[in-house]
Amino acid sequence: MMTVITGGSKCGKSSYAEKILDNFHGGKLYAATMLPYGEEALAAIERHRKIRAGKGFETVEKYRNIEEIIIPEGYSVLLECMANLCANEMFRDGSMTDPAEKILKGIEVLKAKAAHLVIVTNNVGCDGITYENGTMEYIKILGKINSGLAEMADNVIECVYGVPVLLKGKLL
């Protein structure tokens, strides 16, 4: 099973994603994609570690190449966050690979291995503002990834001010 959680910044996506796996009786892997770059990133990483403490997650830091994540049999995976993974794949040195295609292929691999794959992503393209070219390309690629995720997913849920809103499948 695959569930995608989307929404704006600080809307409760992470908490909801973790709650989905609260009652899961197998192993739980937390795939963290945020590069520990700068004080703000380090603070966010530490905050998320504290929130997850005692919830039974094993954490693996994987900033690119998610298809390489080793998932023990019977484990569920919470991958957070697609926006970071997209940036990491887009802005790595010397890459000629389409980041959307690469990430979506990696998700297919994870989905095949995990008992339940929960993915947190961001809705970054709805403000109607035109940004500089690099940012617009990022928004376009993340939108392509999110569309692909929604197509693959059994459930798609948007968090709006902490309230889960069903877009596809069922609320968990």
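Evaluate the stretch 156-163: report whether one residue or more is in contact with a helix residue (DSSP H, G or I) (Cβ under 6 Å, 6 or more places away or on another chain) and among the aromatic types (Phe, Trp, Tyr). Scanning the stretch 156-163 turns up no residue that is in contact with a helix residue (DSSP H, G or I) (Cβ under 6 Å, 6 or more places away or on another chain) and among the aromatic types (Phe, Trp, Tyr). The single residue among Pro72, Pro99 that is touching a helix residue (DSSP H, G or I) at 6+ places or on another chain (Cβ under 6 Å) and either within 18 Å of Tyr138 (Cβ to Cβ) or surrounded by fewer than 20 Cβ atoms within 10 Å (Cβ to Cβ) (or both) turns out to be Pro99. With respect to (1) in contact with a Phe, Trp or Tyr (Cβ under 9 Å, 6 or more places away or on another chain); (2) surrounded by fewer than 20 Cβ atoms within 10 Å (Cβ to Cβ), the lone exception for Asn122 is condition (1). Of all the residues that make up the stretch 102-125, how many are without any contact (Cβ under 8 Å) to a residue 24 or more places away in the chain and either part of a helix (DSSP H, G or I) or out of contact with any Gly (no Cβ under 7 Å at 6 or more places or on another chain) (or both)? Residues in the stretch 102-125 being without any contact (Cβ under 8 Å) to a residue 24 or more places away in the chain and either part of a helix (DSSP H, G or I) or out of contact with any Gly (no Cβ under 7 Å at 6 or more places or on another chain) (or both): 2 in total.
When residues in the stretch 16-31 are screened for being assigned to a helix (DSSP H, G or I) and either modelled with pLDDT under 90 or in contact with a strand residue (DSSP E or B) (Cβ under 8 Å, 6 or more places away or on another chain) (or both), 4 of them pass. Within the stretch 4-15, the set of residues being outside any helix (DSSP H, G or I) and more than 12 Å from the chain's Cα centre (by Cα) comprises Gly8, Ser9, Lys10, Cys11, Gly12.
Find the residue count for the stretch 76-94, including only residues that are touching a strand residue (DSSP E or B) at 6+ places or on another chain (Cβ under 7 Å) and either surrounded by fewer than 19 Cβ atoms within 10 Å (Cβ to Cβ) or outside any loop (DSSP other than H, G, I, E, B) (or both). Residues meeting the conditions: 6. Looking across the stretch 55-75, the residues that are farther than 28 Å from Thr97 by Cβ and in a strand (DSSP E or B) come down to Phe57, Glu58. In the stretch 121-151, which residues are hydrophobic (A, V, I, L, M, F, W, C), more than 14 Å from the chain's Cα centre (by Cα) and closer than 21 Å to Lys102 by Cα? Answer for the stretch 121-151, where residues must be hydrophobic (A, V, I, L, M, F, W, C), more than 14 Å from the chain's Cα centre (by Cα) and closer than 21 Å to Lys102 by Cα: Met136, Ile139, Ile141.
Residue-level analysis places Arg52 among those that are more than 28 Å from Glu101 (Cβ to Cβ) and surrounded by 15 or more Cβ atoms within 10 Å (Cβ to Cβ). For the stretch 59-69, filtered to residues that are within 23 Å of Ser147 (Cβ to Cβ) and charged (D, E, K, R), the residue that is surrounded by the fewest Cβ atoms within 10 Å (Cβ to Cβ) is Glu67. Restricting the stretch 1-23 to residues that are out of contact with any helix residue (DSSP H, G or I) (no Cβ under 9 Å at 6 or more places or on another chain) and of a type in the set (D, E, K, R) leaves a set whose member that is surrounded by the most Cβ atoms within 10 Å (Cβ to Cβ) is Lys13.
The values are calculated or read from the model by the stated rules, or taken from the named source; none is laboratory data. Remember, it's a predicted structure, so these values are computed and weren't measured experimentally. All Cβ positions, even for glycine, are placed from backbone atoms using ideal geometry, and neighbour counts span all protein chains on display.
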